[in-house]
Amino acid sequence: MKIIACYALIILTILLAARTNKFVHATTSEDKYTRQRLEMVEGQIAARGVKDPKVLDAMRNIPRHLFVPEEYKNYGYEDQPVPIGCGQTISQPYIVALMTELLEVDGNSVALEIGTGSGYQAAVLSKIVKQVYTIEIIEELGIKAKKRLEEMKYSNVAVKVGDGYFGLPEHAPFDAIIVTAAANHIPPPLIQQLKPGGRMAIPIGTVYQVQNLMLVMKDKDEKIIVKNVLPVRFVPLLGKH
Ligand code: SAM
């Protein structure tokens, strides 16, 4: 009897050890990123005053490390922009959150992004709005982002390669426009393509000067109101304009 009990105990111990081991193994790498992501949202974003639960939830759920090149994966959740190739960057998480919150979008909104880059900002918007259109001027980045967003099943994002300065008149007007590269003026075609009641977030300034994140609002009577939000640093808006 004692021998049987002893065997049963040994088998139970082996089974438990195997389960624990499997559990630890299955959770380590994904859990590392999940933990980093939750810390990013609490420590960098909510702590600095971003409150919109839709934005916080989207950023808690989107695997940002999959939008940065393999060699920078460990920097994916750091409080900084990260290189994505072609001299471009994925924006700092706080700036992504703040700009998204400024747009005041919801499930009925149609948004236009200028500067697809890695596709991360478009993915964040896609969790909140009905449809995202995004334009990238560097073909290599645009093609990569399109493939990544398709593979990750962000089915309400349409990526176009081209010069975003001119917007996307065929899908205008937009409830929200977000420009993720700094221009030295607000592009008139983008103002035109904003819906009455719509909002645009855009960094204004040159690479060598202080840039300011501006919130551009078109009221119901199509009057334009511009508010300076905070100083920022972005790569320049490219193109022949
Ligand atoms: N939103 C991106 C993300 O989530 O990864 C980061 C954008 S990065 C800071 C700026 C991007 O704007 C670059 O990929 C750059 O090639 C693109 N860009 C610059 N000028 C542009 C233009 N005129 N039209 C479209 N994209 C442009």
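Summed over the residues of the chain and divided among them, the accessible surface reaches 54 Å² per residue at a probe radius of 1.4 Å.
Here region 26-125 is assigned +1 on the Cβ of each Lys and Arg and -1 on the Cβ of each Asp and Glu. Its dipole about the Cα centre then comes out at about 100 debye.
Inter-label distance, ALA47 to LYS130: 3.8 nm, where each label sits 7 Å from its Cα along the C-beta direction.
Quick check: the angle from helix 2-40's long axis to the longest principal axis of the chain, C-alpha only, nearest 10 degrees? It works out to around 10 degrees.
Could you list, in their original order, any pairs among LYS146/LYS240; LYS73/LYS144; LYS32/LYS130; LYS195/LYS223; LYS54/LYS130; LYS195/LYS220 whose Cα atoms are separated by more than 19 Å? Violating the 19 Å Cα-Cα cut-off are LYS146/LYS240; LYS32/LYS130.
Estimated at 0.36 nm per residue, the fully extended path between GLU71 and GLU39 surpasses their Cα-Cα distance by 9.4 nm. Regarding region 45-232, what is the average projected area of its C-alpha convex hull, in nm²? Over every viewing direction, the Cα hull of region 45-232 projects on average to 10.0 nm². Distance between the modelled labels on GLU222 and GLU150, one decimal in nanometres: 3.8 nm (7 Å Cα→Cβ projection).
Counting other Cβ atoms within 10 Å of each Cβ, which trypsin sites (Lys or Arg not before Pro) in region 125-183 have at most 13 and sit in a DSSP loop?
Working: sites: LYS127, LYS130, LYS144, LYS146, LYS147, ARG148, LYS153, LYS160; in loops: LYS127, LYS130, LYS153.
Listed in order of number, the matching sites are LYS153.
Below 13 angstrom from the Cβ of ASN156, what's the summed charge of the other residues (Lys, Arg +1; Asp, Glu -1)? Local net charge: +1. Gain on full extension, evaluated as 0.36 nm per residue between LEU230 and ALA158 minus their Cα-Cα distance, stands at 23.0 nm. Compared with the dominant Cα axis of the chain, that is its longest principal axis, helix 139-151 is turned about 50°. Taking the DSSP bridge list for region 45-232 and keeping only pairs wholly inside it, about 45 percent are antiparallel.
The values are calculated or read from the model by the stated rules, or taken from the named source; none is laboratory data. Here the structure is a predicted model, which is why all the values come from computation and not from measurement. Glycine also receives a Cβ, built like all others from the backbone with ideal geometry; neighbour counts cover every protein chain displayed. These area figures cover heavy atoms from the full protein model, side chains too; ligands, DNA and RNA do not enter into them. Shrake-Rupley method; radii C 1.70, N 1.55, O 1.52, S 1.80 Å.
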